[in-house]
1. Taking H placed 1.01 Å from N in the peptide plane, check which residues at least 5 places from A:His36 or on another chain put their amide H under 5 Å from its amide H.
2. Give me the Å³ per residue figure for the convex hull around the C-alpha atoms of the stretch B:2-87.
3. Nearest 20 debye, what's the magnitude of the dipole of the stretch B:103-313 about its Cα centre given +1 on Lys and Arg Cβ and -1 on Asp and Glu Cβ?
4. Where a Cα-Cα gap under 12 Å defines reach, which aspartates and glutamates qualify for B:Lys44, not counting those fewer than 8 residues away within the same chain?
5. Rounded to whole Hz and in sequence order, give me ³J(HN,Hα) for the stretch B:239-248 from the Karplus expression 6.51 cos²θ - 1.76 cosθ + 1.60, θ = phi - 60°, writing x for Gly and Pro.
6. Once the other residues with Cβ under 14 Å from the Cβ of B:Ile233 are scored (Lys, Arg +1; Asp, Glu -1), what is the net sum?
7. Taking each residue in B:117-127, count the Cβ atoms of any other chain within 10 Å of its Cβ, then average. What number comes out?
8. Run the numbers for B:Val2 and B:Glu490: contour at 0.36 nm per residue of separation, minus the present Cα-Cα distance, in nm.
Amino acid sequence: MPNKLEELLHQGPIAVNIGVADFAETLQSQGVEVVHVQWTPPAGGDPELVELLDQLL
Amino acid sequence: MVTGVVIRKNEYHDSVFLMRVAKRLSQQKGIQQAAALMGTQKNKALLEEIQVRSREISEATPSDLIVAVKADSQEALASMLEGIDRWLTIDPGSALRVDIRTLDEAVAMQPRSNLAVISVPGPFAAREARKALEQGLNVFLFSDNVPVEDEISLKEYARDHGLLVMGPDCGTAIINGKGIGFANAVRRGPIGVIGASGTGIQEFTSLVHQAGGGISQAIGIGSRDLSDAVGGISLLTALNTLDSDSQTEVITILSKPPGERTLAGLIPKMRQCQKPLVACFLGLKPGSLSADAPYKTARTLDDAAAIGIRIVTGHAPPRWDAHSPNFQKLVGREKANKNPAQRYLRGIFAGGTFCFQTQQILQDAGIVVHSNAPLHGNVKLADPMKSEEHTLVDMGTDDFTVGKPHPMIDSRLRRERILTEGQDPRVAILLLDFVLGFNASPDPADELVPAIQEAKAAATDRGGSLSVVASICGTEGDPQNFPRQVRVLEEAGVAVFPSSAQAAQFCALLAAGLSEGPHAE
């Protein structure tokens, strides 16, 4: 059975885009299936607090 | 002049979107300057630098949007800030849904997903990448400023689970013919490439295409993958996969020189490859590779493309000939009318790899340069904002881009630098790179031509002539209209070359003439 990387190379990308929306639009313009995530910084954008929360959860 | 600020709590937009908002705002009547930024410490410091400060700004968090506007009058300012909503709305023509908030929701909606493209700010990027890997997705990680320990742990996890991490700091990939990030429209074919540099992959794939060849897969691995800290984890995964990929006949590796331990560990793995390998380690001294290395060595990206084409077709593509009459005529044209004060070359680069490769080519020609990103043997610029003698600046580094758009998507930074260099009577040659492709500036030539013309006119007024030399990386399938980009530059008197290496070799000839010629001091 092909691994997930081989699957990606043979089928082409089926993408989840997290961040810059332009990247999703460019993929879409090439006929790639893409879902864009409207990302927002977790924990008010405080990386230390994020790490703390990740440890707790 | 009046200044106004709007803060929108918990409203996040990506940096490219905000760059576009700021650009549109500053083009409106009565508006002198506009900034649209998230409230990070770096961005707040940037506002402080342009004398925009308030209690609300200092209290803003990285989740809060700050829009700051300097206007001619109170009326212009008020009308801009009152109507701010319409500038912050995502393009209504976009087919993207905007109601999906998490990776889990996205995967639930599209269960066949096989790749996460991640470009969130560095401190949060590893967290999103880890979630994607745990969902069984390969990762294209565009974000930079990801700690190296995170890079190692992500890549080890991916390797152990049959996945690949491209990045962090990965600008380009072409997977099964689809460009990801900054990529060019190239035909498919039997040449596979694995690259630690985005612009390196762009140039290589474009040159292969221009020579009639095609690309099976172009896999980015991130700028640090071949360092001894990371040890080439993604390179090895990509190498094994391309070696067993039926569409790939030759594999090219593009990188700065690998760490010594990494290279020693890679050699036996490379020997096991069934397919021919080509390695272009930019910046490596000639002769520093052992003769029995299990790969063919390319000194430049152009060489790498030519070797790949020769392996798959049996024929070398036509090469650039520095002795051809046309070329010599061009050298003659550009050497004419220099005034005695004009001594130096100034390279202003959008692509870091082009800056690096140009230094190697100039060094091979015996020319030492100053740079903010110097190759071994060159001199580090004391101040990246100020050129000294021969200078090559990589304008895509943090020296220039903190809180400002990368020169590949917006030419403002380079325009300002061209104008500055144009004021320096010692400058004889300006060298520029133009990078086309998906997500790059829609019209880089048009954006820079007015500054080029102004710099040329200033040199003429001083009784000299400014040579402007450019390379264009891209293909006729790119959205920017390649032939038009060439035409616009040539009409502005620019000597245009189809690759950065050729432009650099041309500059080496011109610059050598300056120091040896009758005008030397």
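1. Counting only residues 5 or more places away or on other chains, the set is A:Asn17, B:Arg97.
2. 83
3. Taking the Cα centre of the stretch B:103-313 as origin, the dipole is about 560 debye.
4. B:Glu56, B:Glu59, B:Asp64
5. 4, 4, 5, 5, 5, 9, 7, 5, 7, 9
6. -2
7. Mean partner-chain Cβ count within 10 Å for B:117-127: 6.
8. My answer for the length gained is 171.5 nm.
Quick note: the coordinates plus some simple rules give every number you see, no bench work behind them. From a predicted model like this one, the values you see are computed outputs, not experimental measurements. In this analysis, Cβ positions are derived from the backbone assuming ideal geometry, glycine residues included, and neighbour counts consider all displayed protein chains.
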